[in-house]
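The values are calculated or read from the model by the stated rules, or taken from the named source; none is laboratory data. These numbers were taken from a predicted model, which means no experiment stands behind them. Cβ placement follows ideal geometry from the backbone for every residue including glycine, while neighbour counts extend to all protein chains displayed. Surface accessibility is based on the protein's heavy atoms, side chains included, excluding ligands, DNA and RNA. Shrake-Rupley method; radii C 1.70, N 1.55, O 1.52, S 1.80 Å.
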Amino acid sequence: MKYKMIPFMALCSLTWSCCTNSQDKIGYAGQELTGQVEILRDKLTKRAALRIDVPGEWQIFAGPSVEQIDLKHPIARGSDLGTFELDVPEYRRSYFQLVTPRGKAILAERLLPMTGGYNFRDLGGYRAQDGRYVKWGKIFRSDEMHNLTAEDLEYLANLPLFSVVDFRSAEEMEQAPDRIPVTATGYACSITPGNLMSAVDNDLLLPGRADSLMREMNRLLVTDPAAITQYIMLFELLGQEQHVPLLFRCSAGKDRTGMGAALVLYALGVDEETIMNDYLLSNVYLKEKYARYTTGNPELEALFTVRKDYLEAGLQAIEANYGSVDNFLQKVLLVDLDRMREMYLY
């Protein structure tokens, strides 16, 4: 496989977790390269590239999974800073280990390069508080899937994605039927807490009404019995290896999905700051998707964004009603935290 080191821009951002073990063994400790390296992938062509801002010589290795990274044959090497194209399959996901004088890092996609989607993300790579990392390629979150292209579906099938949990209402599903890869089984787990998201009426035009609605929706996501039932189903599926890799989603992938992602990361022992940062990434990835709505109706912007106080409203409701997030996970959602961490942490 030849090396390519071609400047390469206009790509989807990917992210990483670090490692410090010897070059012939994958490891997951250390954070020496925070913010200085990332893998990028073009949304249309699916081509991959490395962005590096670390001085000194570097080399990068690749493989079809973290465990199968070929650490004997680098796919690229250099000593320059910048962005460099990587010679890896375009429609099949790759995982990487970067070796630099500052340390080593495992890199993989945070944002999947979906031509017909905006908010497709891997929950892997985040550091748990016990020093382990969430496994890449196991748990995904996304927005709607009815506009996915044939190339998008091929990419997801090559993961391979086995389960798609759909939090949308029956009406949403009818209006925009899913397109899922041939490898996957779909699970309808509708969450419509108090039917809040269909309450777009003149009241929303009142100052602060949309903000109030979003905070109340997040409270209902963790107190409404019907919503709780669907999150129980999510964790039941995650607890069975035959259903993984698994993706859960709603229409925007920010509210019902955002709460689901927060609960999954809490179950894996990720710290609250990291969980909040993951939640807020939806504002970055959905900005283009909803620009025409927010530009024409600025009073409705809250419906198309996420804010820290929205998720905090749900977390405060958990503490008020159940004592703590751990209590909620274990006693209400019936999550086996030890098994979750055994399955999903390196």
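Brief remarks follow.
- Computing Rg/Rh (Cα atoms, Kirkwood Rh) directly from the structure and comparing it against (i) 1.07; (ii) 0.97; (iii) 0.93 singles out (ii).
- Estimated [θ] at 222 nm from DSSP helical runs (n ≥ 4, -39500 (n - 2.57)) normalised by residues in the chain, nearest 500: -8500 deg cm²/dmol
- Inter-part distance where the stretch 103-141 and the stretch 297-320 are each reduced to a Cα centre, Å: 24
- Choice from Ala320, Ala261, Ala252 showing the highest fluctuation, given a GNM over the chain with Cα pairs closer than 10 Å: Ala320
- Between Ser212, Ser251, Ser169, the GNM of the chain built on Cα springs shorter than 10 angstrom shows Ser212 fluctuating the most.
- Per residue, in Å², the accessible surface of the stretch 229-301 once ligands and nucleic acids are set aside, probe 1.4 Å: 38
- Segments 231-238, 54-61 sorted - mean Cβ within 10 Å per residue, highest first: 231-238, 54-61
- Surface composition of the stretch 49-100: carbon plus sulfur atoms contribute 46% of the solvent-accessible area (1.4 Å probe, protein chains only, all chains present).
- Pairs from Lys43/Lys135; Lys135/Lys289; Lys46/Lys104; Lys43/Lys104; Lys43/Lys138; Lys254/Lys289 whose Cα-Cα separation, in the structure shown, is over 19 Å: Lys43/Lys135; Lys135/Lys289; Lys46/Lys104; Lys43/Lys104; Lys43/Lys138
- Ordering Thr229, Tyr266, Val134 by Cα displacement along the dipole of the chain toward the positive end leaves Val134 in first place; charges were set at the Cβ atoms of Lys, Arg (+1) and Asp, Glu (-1).
- Nearest-ten-degree value, helix 308-322 long axis tilted from longest Cα axis of the chain: 70
- Debye, to nearest 20: dipole size of the chain, +1 on Lys, Arg Cβ, -1 on Asp, Glu Cβ: 880
- Here the stretch 55-176 is assigned +1 on the Cβ of each Lys and Arg and -1 on the Cβ of each Asp and Glu. Its dipole about the Cα centre then comes out at about 800 debye.
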